[in-house]
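The next block holds one structure in the form of structure tokens; read it before the comments.
The values are calculated or read from the model by the stated rules, or taken from the named source; none is laboratory data. As the structure is a computational prediction, the values presented were derived from the model and not from experiment. The area values use the complete protein model at the heavy-atom level, side chains included, leaving out ligands, DNA and RNA. Shrake-Rupley method; radii C 1.70, N 1.55, O 1.52, S 1.80 Å.
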Amino acid sequence: MATRQVSVTIDEELLDFVDRHSNNRSAAIAAALRLWQDHLWQQQMEAEFARLAALHSPDEAAAAQEASQISQWSQAVTDA
């Protein structure tokens, strides 16, 4: 994986938290950003699945149920 050095400003309270819970500040911040990226990807997938479910389901209740099932599947896949 290619890396690039950047300079950021982080709230002191957050930085203290990172320092208390990690021996490697850069790795901890990179891991948090990867989790955030995964979370955003999951939200996008859920929104798209909900949109597709609404298009293919005959009524709103069925569409909501299908979207919920897909969301649960998506969460299980992300957690694995």
Rg/Rh for the chain, where both radii come from Cα atoms and Rh is the Kirkwood radius: 1.19
Work out from phi, with θ = phi - 60° and the Karplus expression 6.51 cos²θ - 1.76 cosθ + 1.60, the ³J(HN,Hα) of each residue of the range 62-68, listed in order in whole Hz, and give x for Gly and Pro. 5, 5, 5, 5, 5, 5, 5
In Hz, Karplus ³J(HN,Hα) per residue of the range 15-32 (6.51, -1.76, 1.60; θ = phi - 60°; x = Gly, Pro): 5, 4, 4, 4, 5, 5, 10, 8, 8, 10, 4, 4, 5, 5, 5, 4, 5, 5
Under 10 Å, Cα contacts only: if you run a Gaussian network model on the chain, which one of A31, A61, A50 comes out with the highest mean-square fluctuation? A61
With every protein chain kept in place and a 1.4 Å probe, the chain has an accessible area per residue in Å² of 87 Å²
Selected from E12, E48, E66 as most flexible by GNM, with the chain as the system and alpha-carbon contacts under 10 Å: E12
Express the carbon and sulfur contribution to the solvent-accessible surface of the chain as a percent, rounded to the nearest whole number, probe 1.4 angstrom. 55 percent
Summing -39500 (n - 2.57) over the DSSP H runs of n ≥ 4 in the chain and dividing by its residue number, what mean residue ellipticity at 222 nm do you reach, to the nearest 500 deg cm²/dmol? -27000 deg cm²/dmol
